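The values are calculated or read from the model by the stated rules, or taken from the named source; none is laboratory data. Nothing here was measured: the structure is a model prediction, and the numbers come from that model. Neighbour counts are summed over all protein chains in view; Cβ atoms, including those assigned to glycine, are modelled from backbone coordinates with ideal geometry. These accessible areas exclude ligands, DNA and RNA; they are computed on the full protein's heavy atoms, side chains included. Shrake-Rupley method; radii C 1.70, N 1.55, O 1.52, S 1.80 Å.
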Amino acid sequence: MKLIVVSAGLSSPSSTRLLADRLAAATLGHVDAEPEVIELRDLATEIAQHFVTGFPPARLAAALDAVAAADGLIAVTPVFAGSYSGLFKSFFDVIDKDSLTGKPVLLGATGGTARHSLVTEHALRPLFTYLRALVLPTAVYAASEDWGEEGLAQRIERAGAELARFMAPAGRDTALSVDTAAAIAPRSLTGAITSVDPADGFEVVPFAQRLAALRVP
């Protein structure tokens with residue numbers, strides 16, 4: 001299997017690349033896959049040329065083909081002006097419209113403050129939903145103050161385990177460990193993702209019963 005990591009960090013080293021690497025490591029801890037990192041800053045000129053000429057240069061074409069052939073994708077961007085960077089958006093603007101259909105995608109973003117923590121939901125998730133990707137429930141945002149905190153490590157582990165789960169070939173026993181199972185979002189009795197772990201035990205009260213309890217005698 002192939003795991004492609006797209007990083008839109010502009011500096012070297014960058015917190016965006018660091019988050020991308022940690023998400024990849026968390027994923028590879030649960031699934032056997034060959035990773036490949038695509039640094040978009042190295043392709044900035046080729047992306048601009050593609051917009052002007054309509055034809056991707058060789059390096060950009062290879063990157064686009066790698067994304068299309070991937071079994072799983074990690075996409076991480078820095079936050080610029082409250083949204084994804086222009087370089088990040090430009091890369092996914094030139095990708096074939098069917099390349100990400102049904103492909104599991106793990107989203108990540110980095111920023112200077114926690115004020116931008118919802119960028120994964122109001123900007124990234126709609127973009128990849130439009131591209132018909134299978135966007136994973138857990139996205140990871142890392143502010144400057146998050147690095148070294150336990151909460152970030154837990155979110156990274158949960159997200160990596162989710163991506164590994166969806167990358168596994170259909171019908172194959174993924175042999176998830178107890179730690180992996182705990183990292184994946186728990187599900188309700190109907191299979192929906194929930195914040196309540198069924199293993200803790202809880203009572204499911206029908207909605208009609210709840211409604212009846214609110215009626216005035």
> Looking at the stretch 1-100, what strands (runs of 3 or more DSSP E) fall wholly within it and have at least 3 residues that are open to solvent by 10 Å² or more (accessible area, probe 1.4 Å) and among the acidic types (D, E)?
Replying inline: 34-39
> Applying the selection to the stretch 130-153, what residues are surrounded by 13 or more Cβ atoms within 10 Å (Cβ to Cβ) and in a helix (DSSP H, G or I)?
Replying inline: D146, L152, A153
>> Out of the residues in the stretch 61-100 meeting the condition of being in contact with a strand residue (DSSP E or B) (Cβ under 9 Å, 6 or more places away or on another chain) and of a type in the set (V, I, T), tell me which one is nearest to L28 (Cα to Cα).
In response: I74
> Does the stretch 102-115 contain any residue that is assigned to a loop (DSSP other than H, G, I, E, B) and farther than 23 Å from G160 by Cβ?
Replying inline: yes
> In the stretch 107-126, which residues are of a type outside the set (G, A, S), open to solvent by less than 20 Å² (accessible area, probe 1.4 Å) and either touching a Ser or Thr at 6+ places or on another chain (Cβ under 8 Å) or closer than 24 Å to F51 by Cβ (or both)?
Replying inline: L107, T110, V119, L124
> Is it the case that some residue within the stretch 160-172 is at pLDDT below 50 and not aliphatic (A, V, I, L, M)?
Replying inline: yes
> Do the conditions hold for P104, that is, is it under 16 Å from the mean Cα position of the chain (by Cα), on the phi < 0 side of the Ramachandran plot, open to solvent by less than 60 Å² (accessible area, probe 1.4 Å) and at pLDDT 95 or above?
Replying inline: yes
> Taking the stretch 129-144 as the region of interest, how many residues are at pLDDT 90 or above and touching a helix residue (DSSP H, G or I) at 6+ places or on another chain (Cβ under 8 Å)?
Replying inline: 11
